[in-house]
Every structure is written in structure tokens, then in C-alpha cells.
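S.K.: Pasting in a structure now, in C-alpha cells, and then I'll have a few things to ask.
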Amino acid sequence: MVAEELIARWGLGRAKDRFRGRIAEGRAGSPQPGQPSPPRVAVLCPQTYMNDAGRSVGPARGSYKLPLERVLVVHDEIDLPFGEVRTRIGGGLAGHNRLKSLKRELGSADFMRVRVGVGRPDSTDPEIVSAYVLGRFREDTSQVGELIDRACDAVQAAVLGSALAGPEE
């Protein structure tokens, strides 16, 4: 949902099938008079199984010849309360199989992450946790929309205000 909103927000246009996923490319916003052009970005939505996302992200990174510090991953985080958004570089994988796959394919866990808090169910049963993460949000659509906006704002801040923006291409 965050990726779809970023594609719309940045006006990237229609996504194409590549790298076992859907990818949209362009600039992170419109040029402003007197300002440098926004950085080029690619938003990739892997179409692999969730726990095998690295098989999409790894080849995309290789094709674009991106250093690891220019890779940003947006992911759900059950260890954060619903609505909380945090940005960090690297860190533990906390049993998150998608992150394990990304580390394996990228060669390191030291990529930037925007962690989107979805909360934790009242159970530790793996089937219940899995159904919770893969199911629909229980919160109302306005709360979900606010969460998506905050996550997009965090991504945009990271892309426009950090080393991810990199030199002009």
C-alpha cells in the first residue's frame, strides 16, 4: 500500500513486470524552480512469496548497480504499535523471514528500513501471527490511510534528505 501511494505521489506512472516484481521508475517528485532535480527512484514490489523477496530485490539492485546504502526497504513490523513508523539502517532481523531473505540476497542487513507498525496479535501462535500479518487491517480506513501517509513521508524524507538521494543522475 505504501509503494502504491509513493508511485502515485511521485507520478511514476505504470509499473512494469521485471525482477520477479512490479517496478515503477522516475523522479521522486516534480522539479521546482531554482532547486536541483529530484533524485531518480525505482519502486519495486516483489511478486515472490513474501519470505523470498530477496530473489526480487537482489537482481534489481545488481541491475541498477546500487550500493547498499541506496536500497530502502519498507516493511510491516509487528513489534511496533499500530501507527508507529520508524526509520533505521541495519539492525536485527527479529525472526522476520522477509528481512532474512533480503540479507541473504543483498549480502548484508545494513540497508535502510522504514518500519511500519502494524501491532501484534494477542497470541504467539505462529499460525495466528501469520494470519494477522497477512490479513486485512482491523483499524478503520482513515487510520490505515494516515499510517500509509506517515510511512510515505518517512520514505520521502529518507530519499530526499539522505545519502539515498546520492549524486544527480
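The values are calculated or read from the model by the stated rules, or taken from the named source; none is laboratory data. For clarity, every value in this text was computed on a predicted model and none was experimentally measured. Please note: Cβ atoms are built from the backbone with ideal geometry, for glycine as well, and neighbour counts cover all protein chains shown. Protein only, heavy atoms only, side chains kept; ligands, DNA and RNA dropped before computing areas. Shrake-Rupley method; radii C 1.70, N 1.55, O 1.52, S 1.80 Å.
S.K.: Answer yes or no as to whether TYR64 is open to solvent by 30 Å² or more (accessible area, probe 1.4 Å) and either modelled with pLDDT under 95 or of a type in the set (Val, Ile, Thr) (or both).
M.R.: Numbers: open to solvent by 30 Å² or more (accessible area, probe 1.4 Å): yes; either modelled with pLDDT under 95 or of a type in the set (Val, Ile, Thr) (or both): no.
For TYR64, the condition - open to solvent by 30 Å² or more (accessible area, probe 1.4 Å) and either modelled with pLDDT under 95 or of a type in the set (Val, Ile, Thr) (or both) - is not met.
S.K.: Out of the residues in segment 1-30 meeting the condition of being without any contact (Cβ under 8 Å) to a residue 60 or more places away in the chain and among the β-branched types (Val, Ile, Thr), tell me which one is farthest from THR48 (Cα to Cα). Outline the logic, then answer.
M.R.: At the first step, the residues of segment 1-30 found to be without any contact (Cβ under 8 Å) to a residue 60 or more places away in the chain are 4, 7-8, 10-27, 30.
From what's left, among the β-branched types (Val, Ile, Thr): 7, 23.
On the way: ILE7: 20, ILE23: 13 Å.
Within segment 1-30, the match that is farthest from THR48 (Cα to Cα) is ILE7.
S.K.: Same structure again: Quick one: how many residues across segment 126-146 are surrounded by fewer than 11 Cβ atoms within 10 Å (Cβ to Cβ), of a type in the set (D, E, K, R) and more than 16 Å from HIS75 (Cα to Cα)?
M.R.: Count: 2.
S.K.: Could you count how many residues in segment 52-86 are in contact with a Phe, Trp or Tyr (Cβ under 9 Å, 6 or more places away or on another chain), among the hydrophobic types (A, V, I, L, M, F, W, C) and more than 23 Å from MET1 (Cβ to Cβ)?
M.R.: Matching residues across segment 52-86 total 1.
S.K.: Only one of these conditions is not met by PRO39: (1) buried (at least 17 other Cβ atoms within 10 Å of the Cβ); (2) at pLDDT 95 or above; (3) not acidic (Asp, Glu). Which number is it?
M.R.: It fails just one condition, (2).
S.K.: Only one of (1) of a type in the set (A, V, I, L, M); (2) modelled with pLDDT of 95 or more; (3) closer than 16 Å to CYS152 by Cα fails for ALA28. Which number is that?
M.R.: Exception for ALA28: condition (2).
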